[in-house]
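Okay, structure first, notes after.
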Amino acid sequence: MINRRMTRRGDYLSPDKYLTIEEVKRLRDSVRAEANQAKKNGSRRGIVNWMLIELMLETRLRAEEVCSLTSRQSCPMGNILKGEPFE
């Protein structure tokens, strides 16, 4: 039997539709390293990438939902874009 996860509606997702715990860890490590390098270089791109990945992982938003967000909508990580420190 193929390892599958059940959705809230009772449907099943195939393994290619979700990330394993190890894949999530590697993704977080990668974007965090990119954000730290961007901070050293005075760039925002890596920090924005980190923020978007964390937002998606923590809220389970889909790519379409993240793309529809506007800057006027509340975001707890919004201060990062203003150049305030992140830790």
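When the range 55-87 is examined, which residues are found to be at pLDDT 85 or above and not polar (S, T, N, Q)?
Residues of the range 55-87 that are at pLDDT 85 or above, as a first pass: 55-59.
Across the range 55-87, the qualifying residues are L55, M56, L57, E58.
Pick from the range 1-54 the residues that are hydrophobic (A, V, I, L, M, F, W, C) and exposed (fewer than 11 other Cβ atoms within 10 Å of the Cβ): which of them is modelled with the lowest pLDDT? Spell out how you get there, then give the answer.
The initial filter retains those residues of the range 1-54 that are hydrophobic (A, V, I, L, M, F, W, C), namely 1-2, 6, 13, 19, 21, 24, 27, 31, 33, 35, 38, 47-48, 50-53.
If we keep only those that are exposed (fewer than 11 other Cβ atoms within 10 Å of the Cβ) as well, we get 1-2, 6, 21.
Values: M1: 41, I2: 46, M6: 58, I21: 88.
Selected residue: M1.
The values are calculated or read from the model by the stated rules, or taken from the named source; none is laboratory data. Note that the structure is a prediction, hence the values are computed from the model and not measured. Using ideal geometry, Cβ is built from the backbone for each residue, glycine included, and neighbour counts are taken over all protein chains shown.
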